[in-house]
Structure formats: structure tokens, C-alpha cells
1. Do any helices (runs of 4 or more DSSP H) entirely within region B:56-157 hold 2 or more residues that are closer than 28 Å to B:SER286 by Cα, and if so, which?
2. How many residues does region B:187-243 hold that are within 12 Å of chain A (Cβ to nearest Cβ) and on the phi > 0 side of the Ramachandran plot?
3. Scan region A:15-58 for residues that are more than 29 Å from B:LEU90 (Cα to Cα) and buried (at least 16 other Cβ atoms within 10 Å of the Cβ) and report the count.
4. Of the numbered conditions (1) among the charged types (D, E, K, R); (2) within 14 Å of another protein chain (Cβ to nearest Cβ); (3) free of Cβ contacts under 8 Å to residues at least 40 places away in the same chain, B:LYS508 fails exactly one; give the number of that condition.
5. Of all residues being open to solvent by 30 Å² or more (accessible area, probe 1.4 Å) and of a type in the set (A, V, I, L, M) in region B:212-238, which is modelled with the lowest pLDDT? Just the residue, please.
6. From B:LEU147, B:LEU86, B:LEU80, B:LEU151, which residue is within 11 Å of another protein chain (Cβ to nearest Cβ), farther than 30 Å from B:THR518 by Cα and surrounded by 22 or more Cβ atoms within 10 Å (Cβ to Cβ)?
7. What residue, of B:VAL73, B:VAL111, is touching a residue at least 12 places away in the same chain (Cβ under 8 Å) and open to solvent by less than 10 Å² (accessible area, probe 1.4 Å)?
Amino acid sequence: MTDPGTVGARSVAVQRSEDFQRLRRSFLSFIVPMTALFLLWYLLYVILAGFAPGLYAIPVLGSINVGLLMGLGQVVTTFVITMLYRSWADKRYDPHAEAIRHEMETGEILDETQEGRR
Amino acid sequence: MIDQINPVINMIVFALFVAFTLFIVFRVSRQKASAAEFYAGNRSFTGPQNGIAIAGDYLSAASFLGICGAIAVAGYDGFLYSIGFLVAWLVALLLVAELLRNTGKFTMADVLSFRLNQRPVRMAASLTTLAVCFFYLIAQMSGAGGLVALLLGLEGGVATAATVAVVGVLMIVYVIVGGMKGTTWVQIIKAVLLVIGVGILALIVLGKYGFDFSAILDDAVALSPHGEAVLSPGLKYPNPIDFLSLGLALVLGTAGLPHVLMRFYTVPTGKEARRSVVWAIWIIGSFYVLTLVLGYGAAALVGPEVLQDPTTPGGENAAAPLLALVIGGPVLMAIVSAIAFATILAVVAGLAITAATSFAHDIYASVIKNGTVQPDEEVKVARATVVVIGVLAIIGGIVALGQNVAFLVALAFAVAASANLPTILYSLFWRRFNTGGALFSMLGGLASCLILIVLSPAVSGHEKSMFPTLDFDLFPLSNPGIVSIPIGFALGIIGTLLTAPEPDHEEKAAEMEVRAFTGAGAEAASDH
């Protein structure tokens, strides 16, 4: 349905290129462990809250207890992961992705009329 | 305390807010808006602007009034909502925002139909989108509309219904006139007001206690009939599985909420979508930390007895406005109430434009007209749809008045997590994924949520149920997430393995993957 040289054919070529595979691997090797980390940490928080409310009730600083600190800990890790991802993506990911995008887009002008179908 | 409420001041502050936002919406509006302008504000918002608007779209009345009230009355369990609502943004940041921005155009269905069979997938995606928007809209309209009526000193069924209608009409006007641009500005204004208002309230409360948070907790414990128990989990959800189910729906639901997804299309690039989410996370995170101060502050200074008194207007939901009344008098309360009102309006406007876009773009243009409509006509249909949705939301909101509809928000999150998120993730990350998998996952996820909620204690069998006199409560949890989310993910795999891939599968999957990861060929910002 598409002849060679079209967006589809070029996409397949780019997708199979070593360069793109490296980009995808570097993305997944950052995202997957990070996602596993924050989801497990969050699940631990919820499970402890549900099954060990006594642990959360232990006071630490005055009346501020383990539970409140665990909750605030979730906020802190969320902020930290956000900043880590941002700086990784800006410094490492974007330049690489930009280079492949440039290659993909200047290889041939994208067929604008295709957009209407979607 | 309640008789200090001054409806006249409240009304004036409300009117000022409405006048100001209407002025902005009319200024940014254009009669002949193109589709990109009406649906996505020409993709011309910057990351920071969109980040603030996302916060405005996301921090609903349930977040502001609901969480403050839940912490004030049930203590720690209210805080769990805050944490789930916040951590959820990492799913959006890491897995969804940029890739979705790179591959889609206006709706969630755009992403899915990139490489799947578009007509059935658009139908199904539009169905889940409309379901989430509708549940969310009704919850906002009835719950919050009723509260606003009471804060304005309007009593009786007719006045409350009239307030719901006014909220609905304002929503229609914002969206029809301003499109996505107007809606975005309303959300930005609201987010700024909300964060400033909540920040000032928290500062005053902390200042009263010499910035000793622990002392606030001590007073909250002293005033609560549950004593120390307000500082640890379990008051609202004694069943830990209920906790887990709710927690899962919250953390996985956000990145599948259609009105949140749609906001990613209002920026020019994937990189700006990333910046938006970073901004949104900072604002939303800070906001939820402040709600902890306000919630326990209301527990300490207003007290759960006042909030649970049936004669208190708005009950639990009035915690933040009543806290403002106690620490700052009627003027501060009017400001906080106006912020609550702004919150409702900004959220319902975001929901309305999302639902209208989904109907006009996915169902009308792609399914009914098979992709042969003029863009002008599509926008006309979208505007007409806004009116229909507005009228339905007003009727639904009025019918639901006085009913316990809090479960509708939880249901919206559960549907988003079970029906939307699996398909979005599979289509972005799993090459083999196909139309069969998408349909199984979306329809199965939606159906399992609906069936489980109907069979849950939220609907029947209990004093606080929607139908307390009937009893078909077979599913013990108030949130279906723990069952329906795995069902949604599993059905995506089963459906994919049982059906054949599309004929042009390989090329389309490659095109989508390259575009998602690099932004090559992504929809660009359009000029005016």
C-alpha cells in the first residue's frame, strides 16, 4: 500500500537502525527501573498504611509520626525523580533524539496529507 | 460560627471572579476558530503555562474541599488521597506525556488509532472518555454546586438546583466562546488563585501555632472524638484491601484521565510537554503538602464536631471555608469560597471541552462521517456538543443533588486506570499490540469497573449507599481498582494474542515508534 521512500518505509529503516535502537534502549533503561522503583515504594507505603497502622502511629518529632514522615517521603521522592528525569532527558536524551528526528525528517519531507486520515 | 457567614460578600467576590474570567475568555476567543485552535489552543502555550493549567485542571473541588475535609474529620486517611494523586504524576511524566504529545493530535483516540483500526478503536476510546468525563462532571456539579449554594446563603432545593444550572451555563459559555484557549486561561487564573489562597491560609494557621506543626496535631487530637487515631491510617478505611484498591486506582488513573491527556496537546513539542508536567508536579506537590496543614488546621480550629453536624452547610466539604472564617473572618471566607467556586468552574470546563472534542473529533468526524468533514464543521459540532454535555451535566447534577456521589470520582479514576491506561501503554511500548487487544482492554476494563461499582457498597446495602433500601452488594470494596485494573491489562494481552495484526502493522508500528521517541513528524504549533 506504501511504496519505498514513504514515511512508513523510512520509519521501518530508522526503527531498525543501530542508532535508534540505542536511543530506545537508553530511554527504557532509565524509565523502567525508575518506574519500578517509585511504584514499589508507593505500594510499600500503601500496604504499610493498610496492614501496619501501628507502625505509622509511632511518634517521631513531637506528635509528627512515622506515617506523616512516610507520606512526606513520598512527596520528596516524587520531586527528586522528577528533577532526575528532567535533567537526564534534557542533557542525554534530547540531543540524541533530535539527531534522529533530523535524519528522519530531512531524508524526505513528510507527507502532510497523511495527517488528515488520522 | 455559621451565622457569621456573609452571603453578600461571598456573592460579590464570586461575581468579580466570573466577570474577570469572562472578560479574559472573550478577549482570547475568535469566532472562526480552527480545529487546532478550538481543541488545542493552537499548541501555543509554553510548558510553564500549561503546567499551571494542568494544576488548575487537576486540582478539583474533591482535592481542595474534599481532602481538607477528609483530613479534618478522618485524619490520616485523607492524606492518603493526596499522596496517591501526586505520585500518579510520575506515571504521566515518565511513561505518557511526551510520547503521547509526539504521536497524537487532539484526543487519546488519536494515539491509539495511529496504528490500530481507527473506527472501532475511536468508538471505544470515545466511549471510555465520555464515561470518565460524565462521572467526573456529575460529581463536581452536584457535590460542589450544592456547597456553593449554601455558602451563598441560598437555601432550599430550587436555589441549589439553580446554582448547579448557573455553574453549567458558565461552563458552556467558557468553552463555546473560548475553546481550549479560554478554558486554559480560566484554569491558569484558578490555579494561581488556589495556590495563593491555600498558601496564605496555611501561613496564618502555622503562624497561629508559632510554626509548630506538631502543636496543630496536638489540638486536632484533643478535639477529635477519635483522639490519637486521627494521626494514623484506618479511620475511614478500616479494611486494608480497600486502601490498596483505592491507592492503585489513584496512582494509575491520573495518566489515563482524558482531560489531563488532552492538556498535553496544547504545547508545541514533546519537550514542552515534559516541562509542563515538571511544573505541574511542583505545584500539585506543594498544594497537597499545604492541604495537610489546612486539614489538620481545620481539625484543630474548627473541629470535627462542627463539620459533622448535619446543620453545617456543606458538612465535611466546608472545612477549608470554615477554617478561613475562623482565622480570617467573613472576607477571607468569601475569598476562599470564591476560590472553591473557581476550582469547580475550571475543572468542569476542562471536562466539557474534552468530552466535546472526543465526540466531534472521534465519533462525528471519524466514525459517522468517515473522515470527510470540513474542519470548520467539526468545530461547529464540537460547540454544539458542549451545549448538549452542559445540559446533561446540569440535569445529572440536579438529579444527583443530596445523593452520596463521592464514589463517582473514585469510579472515574478506576475507569481511567482500567480502560485507558493499559491501551495507552501497550500502544506506545508493545509493538505486537493490535486492535483486538485495544478493544478487549478498553471495553472489558470499562465493563468490569461499572459492574463492580454497581455491586459495591457504594450503590446498595448500606445506610450511606445510593440505594440504601436495596441490597445487591456482592463486591465488598468501595473501589473496583484492585480487580478491574489487572483485568484491563490482562485483556489487552489476551485480545492481542487472539486476533491477527493489521495488514500494515509493521510499517505503522515503526512509524509510531520513531515518532513517539524522537518527535519526527509530530503535530507542530500552528500560527494565528
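The values are calculated or read from the model by the stated rules, or taken from the named source; none is laboratory data. Being a predicted model, the structure only gives us computed values, none of them experimental. Neighbour counts run over all protein chains shown; Cβ positions are idealised from the backbone, glycine included. The accessibility values were calculated without ligands, DNA or RNA, using every heavy atom of the protein model including side chains. Shrake-Rupley method; radii C 1.70, N 1.55, O 1.52, S 1.80 Å.
1. Working: elements: B:67-74, B:76-91, B:97-103, B:108-112, B:118-139, B:145-151.
Of the helices (runs of 4 or more DSSP H) lying wholly inside region B:56-157, those with at least 2 residues that are closer than 28 Å to B:SER286 by Cα span B:67-74, B:76-91, B:97-103, B:118-139, B:145-151.
2. 2
3. Total satisfying the criteria: 0.
4. Checking B:LYS508 against (1) among the charged types (D, E, K, R); (2) within 14 Å of another protein chain (Cβ to nearest Cβ); (3) free of Cβ contacts under 8 Å to residues at least 40 places away in the same chain, the one that fails is (3).
5. B:LEU235
6. On the way: B:LEU147 fails: within 11 Å of another protein chain (Cβ to nearest Cβ); B:LEU86 fails: farther than 30 Å from B:THR518 by Cα; B:LEU151 fails: within 11 Å of another protein chain (Cβ to nearest Cβ).
One residue alone meets the criteria, B:LEU80.
7. Working: B:VAL73 fails: open to solvent by less than 10 Å² (accessible area, probe 1.4 Å).
Checking each option against the conditions leaves just B:VAL111.
Yes/no matrix, rows are residues, columns are (1) of a type in the set (A, V, I, L, M); (2) in contact with a helix residue (DSSP H, G or I) (Cβ under 6 Å, 6 or more places away or on another chain):
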{"position": "B:THR291", "(1), (2)": "no, yes"}
{"position": "B:ALA300", "(1), (2)": "yes, yes"}
{"position": "B:GLY303", "(1), (2)": "no, yes"}
{"position": "B:ASP309", "(1), (2)": "no, no"}
{"position": "B:LEU332", "(1), (2)": "yes, yes"}
{"position": "B:ALA382", "(1), (2)": "yes, yes"}
